[in-house]
Amino acid sequence: MKERVQKFGRFLSGMVMPNIGAFIAWGLIAALFIPDGWLGKWGPAATINNMVGPMLSYLLPILIGYTGGKAVGGQKGAVAGALATLGAIASTTSTMFIGAMICGPLGGWCIKKFDEKMEGHIPAGFEMVVNNFSVGIIGGILAVLSIFAIGPACVKITDVLGAGVGLLVNNGLLPLTAVLVEPAKVLFLNNAINHGVFTPIGTEQAMEMGKSILFMIESNPGPGLGLLLAYCVAGKGETRSSAGAAAVIQFVGGIHEIYFPYVLMNPIVILGPMIGNVCGIFTLSMLNGGLVAAASPGSIIAEMLMTPKGGYVANIAGIGVAAAVSFAISVFLLKFFGKDASLAEAQAQVAASKAASKGQAVESSTGAEVDIHSVKKIVFACDAGMGSSAMGATMLRNKLKDAGITGIEVIHHPVSEIPGDCQIVVTHHELSGRAAQRAPQARIIPIHNFMGAPEYDILVNELLDARKGPAAPAVTPAQAPKAEAPAPSGDTLLEKKNIVLGCKTVTPEEAIRACGRLMVESGYVDEAYIQGMLDREASFSVAIGSHVAIPHGTNDVKPLIRRTGVVVMTYPDGIDWNGDKVKLVVGIAAKGEEHLEVLGRIVAIASTDEDTDKLVASADADKLFASLNGLA
């Protein structure tokens, strides 16, 4: 049950947190320029205030729907989610945050299921037409559905939740929410409450009344500050010496999780922050405190920035009372009921809880781990998702097939679009940080060589062991079985005139320009695409190992591709490519996925340094043409 709630909270948080900046922008503009705001009487304030309503009604829900759709169905899912959200918005004058949290993932899920059904059934050259029209049609249908079904249903849900909050407020029971929120924070279960209920309803309240106390229930830094100051007074040894710095980080930096280990060392002290927050919320209620928008992170700085005009006394009092009560109770509990405990062990417990809340295991000394038995999807990620990751995916796919491992999907994506349901991400070591940020739930395997990484064989052996079969002996890339080339599709993306053999050694930039000119002359790309190829090399080397380089453009210049095509150039003496040796250069211009067969065949015939050297030394235009087009 706990894991399900964590997963739900993580998903809600994943839709809201990336867009917190927009919530803060809306809050600041509202605080400054609404008629009762700090600058409400300023001449242009009325014009600026015209943004407040559209931001709340349209921008924020659509951003949430877009983000939720992208998390489930990638970029196309994001567009479908945004369209569905717009339908929900059009159905009512109420703010449609809850509708966005439903419509966004629904749009992504529909697109994902459609793509799964169509995989392998779209004729070459029709991918863009099918992709664009499927998003438009599915998104349009969902938008209409949202107007008549999802939107009205969400209005009812919001009314019920709002009535529940109103009941708590009217009966003076709102402070009791702290009894649930404070333990939930320590267990990383608060996101489901905070982003699923408090933020949507609080934002609507703020639009109507200029502020909402709901924004301060979870973000109030007072309870944690009081607990840490209590450890400064009544703690022992390491906990006492470290609590002061932790208090500064928690209160000023807003990193509440820094006090969680201090609770886990002596669980009874949770009563301090719990009762402190109860008193803080009561004080805010009595003094009519609240914020204009969500404060993230929950630091004193964010709280003050989000405080409306005339609200500082109430909010500071709410924070101060929470800190004072938390401090007093925590000191008493530490003196009479405290026990010696290890801060390191408590920090490890926090790491485990946090990892579980993100759907991943705690990092071990060899990196993040996942349950190897449950692996169903492996993603190869590179900067553009066009060349090196496609070849790496082909390499591993073939190795899994040779090992008799089935039931694992191996796909390739740009590092910025890694799907959220993958368990393992293989990427270049320079991109591993970005991959970890994009896919926190996944195990990241950094490699240096997409073509011949020894990590492939290690991973295959792990998967074999997990399936309780005999572990395969470790093999080197040179010993690994050669992959079979994919069956020919009937298209010749590589024309014979675009195979240039025996080129003289040049610089990487000159080799890229030569590939680009050949693609321009063949009508594959516009002239400006060449600069995109150089930009790609400047940001991330296109040398992928095994003496192979695959120059291609950045995502920004994809519109400059007229049709998919490939060019091949050989350099028998090799090129010094930023420390790597390159003898085979394959230029790529790809509108869709048509080029993957050619890349797969390159993997089959040039998977090691020795393979590539032999291929280049004996290169024959006719044989290369036949081999790379699947005609041999």
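Screening Phe114 on (1) in a helix (DSSP H, G or I); (2) farther than 30 Å from Lys558 by Cβ shows it passes everything except condition (2). The set of residues in segment 408-443 that are modelled with pLDDT of 80 or more, surrounded by fewer than 20 Cβ atoms within 10 Å (Cβ to Cβ) and either assigned to a helix (DSSP H, G or I) or of a type in the set (Val, Ile, Thr) (or both) comprises Ile408, Ile411. Taking segment 80-109 as the range and being surrounded by fewer than 24 Cβ atoms within 10 Å (Cβ to Cβ), of a type outside the set (A, V, I, L, M) and without any contact (Cβ under 8 Å) to a residue 60 or more places away in the chain as the test, the residues that pass are Thr93, Trp109. Checked against the criteria, Gly298 does not count as part of a helix (DSSP H, G or I) and buried (at least 22 other Cβ atoms within 10 Å of the Cβ).
Restricting attention to segment 203-257, the residues being in a helix (DSSP H, G or I) and within 14 Å of Asn315 (Cα to Cα) number 7.
Taken over segment 298-331, the residue count meeting the criterion of being polar (S, T, N, Q) and under 20 Å from Asn288 (Cβ atoms) is 2.
Any idea which residue in segment 258-286 is modelled with the highest pLDDT, counting only those that are of a type in the set (S, T, N, Q) and either closer than 16 Å to Leu229 by Cβ or assigned to a loop (DSSP other than H, G, I, E, B) (or both)?
Only one residue fits best here, namely Asn277.
If we scan segment 563-584, do we find a residue that is closer than 19 Å to Lys496 by Cα, among the basic types (Lys, Arg) and in a loop (DSSP other than H, G, I, E, B)? Checked segment 563-584: at least one residue is closer than 19 Å to Lys496 by Cα, among the basic types (Lys, Arg) and in a loop (DSSP other than H, G, I, E, B).
Val129 passes every criterion in (1) modelled with pLDDT of 90 or more; (2) over 19 Å from Ile418 (Cα atoms); (3) surrounded by fewer than 14 Cβ atoms within 10 Å (Cβ to Cβ) apart from (1). Scanning for something of a type in the set (Val, Ile, Thr) and closer than 24 Å to Ala143 by Cβ, does segment 23-30 turn up at least one residue? Within segment 23-30 (the criterion being of a type in the set (Val, Ile, Thr) and closer than 24 Å to Ala143 by Cβ), the answer is no, since none of the residues qualifies.
The values are calculated or read from the model by the stated rules, or taken from the named source; none is laboratory data. From a predicted model like this one, the values you see are computed outputs, not experimental measurements. Methodologically, a virtual Cβ is constructed for each residue, glycine included, from the backbone with ideal geometry; neighbour enumeration extends over all protein chains shown.
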